[in-house]
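Colleague: Here you go, one structure.
Since every read-out is calculated from the coordinates, none of them should be taken as a lab result. Keep in mind that this is a model prediction, so the values were computed, not measured. Cβ atoms come from the backbone with ideal geometry, glycine included; neighbour counts cover every protein chain shown.
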Amino acid sequence: MIVARTTRDAVMGKLRAKVAARTPIFIASAGSGLVAKLLEQAGVDCINTFSGARLRANGMGTMAMMWPILDSNQQTLDYTEQDILPALSGDAFVCACINANDPLRDMRTVLQRLKDMGVVSVSNIGPSLGYVDKDSTLYRVLVRSGITFAHEIEMLALAAQMDMVTVALAFDLDDSLEIVEKARPDIFCFHAGTTRGGLVGFDSGETIADTARRTETVFAAVRQIAPATILVGHGAAMETPEDVQYMLDHTSGHGFWTGSSTERLPIERAVSAAARQFSSLTFKDAPESIR
């Protein structure tokens with residue numbers, strides 16, 4: 001088959017038009033080709049691929065990608081090329097979330113391979129050092145060993161030089177300001193925390209109002225540095241469409257990024273409901289031969 005291609009100019013033109021029209025930008029993660037196809041048909045602007053989404057498709061939580069059970073970049077490269085891109089018609093563009101701290105790969109080579117396979121966008125989330133609490137021993141040990149947020153920023157800056165659409169992601173105000181100031185991304189996403197709900201979601205107890213307040217604080221600060229950057233929110237209490245609508249109503253962002261909310265959670269609910277219906281089926285009566 002021939003995978004549909006797009007360009008940075010085409011992507012940014014579409015996104016800027018949506019911003020001007022006050023139409024929310026919709027980014028969503030996909031761990032399988034079927035989910036990606038359904039998301040695109042539903043009108044998603046950007047399909048994100050990363051090892052966490054692939055692991056969610058196998059019944060694990062997103063944070064499983066932080067454990068050394070796979071080569072994160074290899075997983076993302078392989079399933080993006082083999083599962084996701086062939087499933088799409090080209091209405092949605094693909095953003096690959098890669099591990100910029102991979103000590104065994106040159107990021108220029110990784111980015112070029114993505115471009116060659118038809119991926120026009122990249123993000124720093126797969127995985128990011130930002131997932132680790134800064135006051136933890138683990139964080140200090142990682143930084144000491146050369147796993148740094150600076151590498152994620154450098155990767156995004158290089159991607160921009162290579163004419164890719166860059167999507168920066170951070171988990172707190174300080175990192176948000178640093179990554180926007182130094183990488184100057186096209187899109188910035190504030191990650192408010194692991195999405196709650198379902199079999200493996202983590203509920204911190206935060207309300208959607210809390211998530212909106214924290215997100216807007218970051219948005220306002222980022223806008224002072226880079227007023228043209230497209231802003232989206234993700235995670236924490238953003239579980240349902242009603243939650244996301246609250247975010248749109250109570251923040252000054254331009255859209256949202258869903259992960260579990262449009263893949264893991266709907267799959268859990270739909271498959272469980274259908275399977276229960278099938279498992280409740282019974283024979284009308286016993287066959288004559290066994291009476």
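Colleague: Calculate for the chain the 222 nm mean residue ellipticity that helices alone would give, adding -39,500 (n - 2.57) per DSSP H run of length 4 or more and normalising by residue count, nearest 500 deg cm²/dmol.
Modeller: Working: 11 runs with 123 residues, N = 291.
After summing the helix terms and dividing by the residues of the chain, the value is -13000 deg cm²/dmol.
Colleague: Quick one: helix 264-279 against the long Cα principal axis of the chain, what's the angle to the nearest 10°, folded into 0 to 90?
Modeller: Here the helix axis deviates by roughly 0 degrees.
Colleague: Something else about it: For a quick size check, give me the Cα extents of the chain along its three principal axes, largest first, whole Å.
Modeller: That works out to 78, 46, 45 Å along the principal axes.
Colleague: Quote to one decimal, in nm, the extra length available between S89 and L142 on full extension: 0.36 nm per residue of separation minus the C-alpha distance between them. Display every interim value, and only then the final one.
Modeller: Values: separation 53, 0.36 × 53 = 19.08 nm, distance 4.01 nm.
This chain segment gains 15.1 nm when fully extended.
Colleague: Going 7 Å from the Cα of L34 toward and past its Cβ, which residues in region 227-263 have a backbone nitrogen under 14 Å from where you end up?
Modeller: The answer is 263.
Colleague: Could you tell me which residue out of V180, P241, Y139 lies farthest along the dipole of the chain toward its positive end? Charges go on the beta carbon: Lys and Arg +1, Asp and Glu -1, centred on the Cα centre.
Modeller: Looking along the dipole axis, the top candidate is P241.
Colleague: Could you work out how far helix 107-117 tilts from the main Cα principal axis of the chain, as a 0 to 90 degree angle to the nearest 10?
Modeller: Rounded to the nearest ten degrees, it is 50.
Colleague: Report the full-extension gain for the segment M1 to R22: residue separation times 0.36 nm, less the Cα-Cα distance, to one decimal in nm.
Modeller: Values: separation 21, 0.36 × 21 = 7.56 nm, distance 3.61 nm.
That pair, M1 and R22, stretches by 4.0 nm at full extension.
Colleague: Here's another thing I want to ask about it. If you place +1 on the Cβ of every Lys and Arg and -1 on the Cβ of every Asp and Glu, how big does the dipole about the Cα centre of region 17-271 come out, in debye to the nearest 20? All intermediate terms of the calculation are to be shown ahead of the outcome.
Modeller: Values: 20 positive and 31 negative charges, 35 e Å.
Here region 17-271 has a charge dipole of around 160 debye.
Colleague: What nm distance separates the two modelled labels at D78 and M162, each placed 7 Å from Cα along Cα→Cβ?
Modeller: 2.1
Colleague: Would you count, across region 17-271, every pair of lysines whose alpha carbons are under 23 angstrom apart, provided the pair is eight or more residues apart or spans two chains?
Modeller: On the way: K18/K37; K37/K115; K115/K182; K134/K182.
The number of close lysine pairs in region 17-271 is 4.
Colleague: Still on this structure, I have one more. For region 90-173, which trypsin sites (Lys or Arg not before Pro) pass both filters: DSSP loop (anything but H, G, I, E, B) and at most 15 other C-beta atoms within 10 Å? Write down the numbers at each step before the final one.
Modeller: Numbers: sites: R105, R108, R113, K115, K134, R140, R144; in loops: R105, K134.
In loop regions of region 90-173 (DSSP not H, G, I, E or B), the sparsely surrounded trypsin sites (Lys or Arg not before Pro) are K134.
Colleague: Set the Förster radius R0 to 30 Å, insert the Cβ-Cβ distance between D135 and D210 as r into 1/(1 + (r/R0)^6), and round the FRET efficiency to 0.05.
Modeller: Values: r = 20 Å, r/R0 = 0.68.
Calculated transfer efficiency: 0.90.
Colleague: Which of the listed residues, V167, P103, S279, is farthest toward the dipole's positive end in the chain, when Lys, Arg count +1 and Asp, Glu count -1 at the beta-carbon?
Modeller: Looking along the dipole axis, the top candidate is S279.
Colleague: Now, a different point. Non-local amide H neighbours of A96 (under 5 Å, H modeled in plane, Pro and chain starts lacking H): which ones?
Modeller: Amide H neighbours of A96, under 5 Å, 5+ apart: T49, S121, V122, S123.
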